[in-house]
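A.B. asks: Dropping the structure in here first, questions after.
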């Protein structure tokens with residue numbers, strides 16, 4: 001099936017008041033697992049390649065072309081997205097390669113510099129029919145705007161969206177990247193207030209650390225794009241370890257990598273179903289849209 005624009009998938013989910021899974025590609029086997037998951041679930045998925053992944057592979061093109069090819073070969077609706085790009089040139093290259101969207105991360109910049117850089121990326125993207133996600137924040141490092149205790153201000157979010165013209169906004173509401181336990185608490189009231197303040201879909205980063213039931217409530221409160229990486233990597237790695245423990249004689253890496261791919265696909269399919277399972281029919285107590 002031809003590559004599907006990210007904009008189409010995200011706006012469709014927002015219109016249905018459901019979520020859409022956006023899962024990180026680490027290597028070819030991840031991409032294969034994620035498109036298989038979408039086919040199993042009968043629902044769309046967004047494949048994400050982060051700037052860190054690009055650095056690990058030594059460049060964007062090899063892993064990008066692998067993910068794009070896997071997406072195009074799938075019978076499911078699949079989009080490809082650049083995640084957490086701090087380099088404007090990397091964002092432009094992804095758009096040139098055919099990515100449906102890029103996430104420009106200017107959270108390490110001060111507010112005005114973040115706006116200026118984001119506007120440049122938005123202008124390039126929109127000329128090329130690409131969708132742009134951005135985020136707010138002034139704290140650098142892995143956690144960025146999603147460090148515990150840091151929150152997005154709804155008024156600043158409204159101003160930022162208006163000034164940059166971004167198509168989606170990643171917001172800090174209690175989650176944190178790279179969590180291996182699903183114990184994060186989301187400020188659902190804040191999600192609802194930001195949702196009411198901006199006219200673009202909201203994105204939850206750091207969803208690996210958020211329990212299913214909390215993600216469902218966050219979607220009900222206004223989240224649309226749900227990013228997951230570490231949680232799925234854990235399934236892949238656990239399956240590889242189990243296979244090697246059971247088959248210590250194996251030297252063909254396809255054997256144990258295949259086990260990881262299968263385990264990741266099964267959990268990704270489950271998450272896709274959870275996120276897209278139905279429209280918001282109500283809000284948690286004390287939360288309004």
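Values in this text are rule-based calculations from the coordinates and carry no lab data. Model, not experiment: these values are computed from the prediction. Every residue, glycine as well, gets a Cβ built from its backbone with ideal geometry; the counts of neighbours run over all protein chains shown.
A.B. asks: Sorted from fewest to most neighbouring beta carbons within 10 Å, what does the list 23, 131 look like?
C.D. replies: 131, 23
A.B. asks: I would also like to ask the following. Would you mind computing, in nm to one decimal, how far apart the modelled labels at residue 199 and residue 15 are, each placed 7 Å from Cα along Cα→Cβ?
C.D. replies: Distance between label points: 1.7 nm.
A.B. asks: Here's something else I'd like to know. Go ahead and set up a Gaussian network model of the chain, Cα springs under 10 Å, then flag whichever of 211, 44, 201 fluctuates most.
C.D. replies: Among 211, 44, 201, the largest mean-square fluctuation in the Gaussian network model of the chain belongs to 211.
A.B. asks: Between region 245-261 and region 100-115, what is the separation of their alpha carbon centroids in Å?
C.D. replies: Value for the Cα centre distance between the two parts: 41 Å.
A.B. asks: If I fit a long axis through the Cα atoms of helix 28-41 and take the longest principal axis of the Cα atoms of the chain, what angle between them do I get, 0 to 90°, rounded to 10?
C.D. replies: Orientation of helix 28-41: about 80 degrees from the principal axis.
A.B. asks: Would you mind pulling out the separation of the Cα centroids of region 2-17 and region 54-96, in Å?
C.D. replies: After rounding, the separation between the Cα centres reads 18 Å.
A.B. asks: Additional query: Go ahead and set up a Gaussian network model of the chain, Cα springs under 10 Å, then flag whichever of 230, 238, 18 fluctuates most.
C.D. replies: 238
A.B. asks: Could you give the length gained by full extension between residue 52 and residue 246, i.e. 0.36 nm per residue of separation minus their alpha carbon distance, to one decimal place?
C.D. replies: 66.6 nm
A.B. asks: Same structure, new question: Which angle between 0 and 90 degrees, to the nearest 10, do you get for helix 212-221 versus the longest principal axis of the chain when only C-alpha atoms count?
C.D. replies: Between helix and principal axis, roughly 30 degrees.
A.B. asks: Fewest Cβ neighbours within 10 Å first, please rank 252, 167, 96 accordingly.
C.D. replies: 252, 96, 167
A.B. asks: How far is helix 60-73 tilted, in degrees, relative to the longest principal axis of the Cα atoms in the chain, given as a value from 0 to 90 rounded to the nearest 10?
C.D. replies: With both axes taken from Cα atoms, the answer is about 80 degrees.
A.B. asks: Moving on to the next point. Suppose only helical runs count, i.e. DSSP H with n ≥ 4. What mean residue ellipticity at 222 nm does that imply for the chain under -39500 (n - 2.57) per run, divided by all residues and rounded to the nearest 500 deg cm²/dmol?
C.D. replies: Value at 222 nm, helices only, nearest 500: -16000 deg cm²/dmol.
A.B. asks: Now, a different point. How large is Rg/Rh for region 14-275, to two decimals, with Cα atoms and a Kirkwood Rh?
C.D. replies: 0.97
A.B. asks: Give me the number: length gained by fully extending residue 108 to residue 153, i.e. 0.36 nm times residue separation minus the C-alpha to C-alpha distance, one decimal in nm.
C.D. replies: Between residue 108 and residue 153, full extension yields an extra 14.5 nm.
A.B. asks: Which of 224, 273, 237 moves the most in a Gaussian network model of the chain with Cα springs under 10 Å?
C.D. replies: 237
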